[in-house]
Amino acid sequence: MEMIRISGQQGVPVTVSNGDVILGFDQQKFAKLAAKYAGPKRPPLGILAADAEEYLAKHPEKADKVPAGTKGVYVGKVRPKTVAASHDLKPGDIITSFAGKRVRTMAALDQMVDTLKAGDKATAKFIRDGEDQSVVLQF
């Protein structure tokens, strides 16, 4: 009965771990679940952000020092005790490149960060007060 309550399924294997539900045999989901609990955890980047192009279109007062057409990730907040906080990223920064690849959206940045492990380093290029800057982030 619990399996039906959790998954709505009756005839396939159902795996539940800390609220994660996997229906059937899904290798990718099992691999993610295994990685979640294996080895040292990578510290979080720790930003609350939005796609810069959309954000600046809605908040033109924040776009005065940003080159027109800038794509990237607008940093809204930086959580304390995270990679971003320890490397001095600040609200208002626009991340334009990460690990040598252009960043156009928050979803793309999330995917790039998800490929890193604890101890990895990645260079982030960003715009602060109209000037290009970069920092090597240690995860």
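Side notes on the structure shown:
- Among the criteria (1) part of a loop (DSSP other than H, G, I, E, B); (2) more than 18 Å from residue 132 (Cβ to Cβ); (3) of a type outside the set (Asp, Glu), the one residue 89 does not fulfil is (2).
- Residue in the range 96-104 that is more than 24 Å from residue 32 (Cα to Cα), in contact (Cβ under 8 Å) with a residue 12 or more places away in the chain, open to solvent by 80 Å² or more (accessible area, probe 1.4 Å) and over 12 Å from the mean Cα position of the chain (by Cα) present: yes
- The set of residues in the range 31-51 being open to solvent by less than 60 Å² (accessible area, probe 1.4 Å) and either touching a Lys or Arg at 6+ places or on another chain (Cβ under 6 Å) or in a strand (DSSP E or B) (or both) consists of 46, 47, 49, 50, 51.
- Subset of the range 18-30 [free of Cβ contacts under 8 Å to residues at least 12 places away in the same chain, open to solvent by less than 60 Å² (accessible area, probe 1.4 Å) and under 20 Å from the mean Cα position of the chain (by Cα)]: none
- All positions within the range 63-80 that are at pLDDT below 95, closer than 14 Å to residue 129 by Cα and open to solvent by less than 90 Å² (accessible area, probe 1.4 Å): 63, 66, 67, 70
The values are calculated or read from the model by the stated rules, or taken from the named source; none is laboratory data. Fair warning: this is a prediction, and the values are worked out from it, not measured in the lab. Note that we place each Cβ from the backbone using ideal geometry, even for glycine, and neighbour counts take in every protein chain shown. With ligands, DNA and RNA removed, areas are computed over all heavy atoms of the protein, side chains included. Shrake-Rupley method; radii C 1.70, N 1.55, O 1.52, S 1.80 Å.
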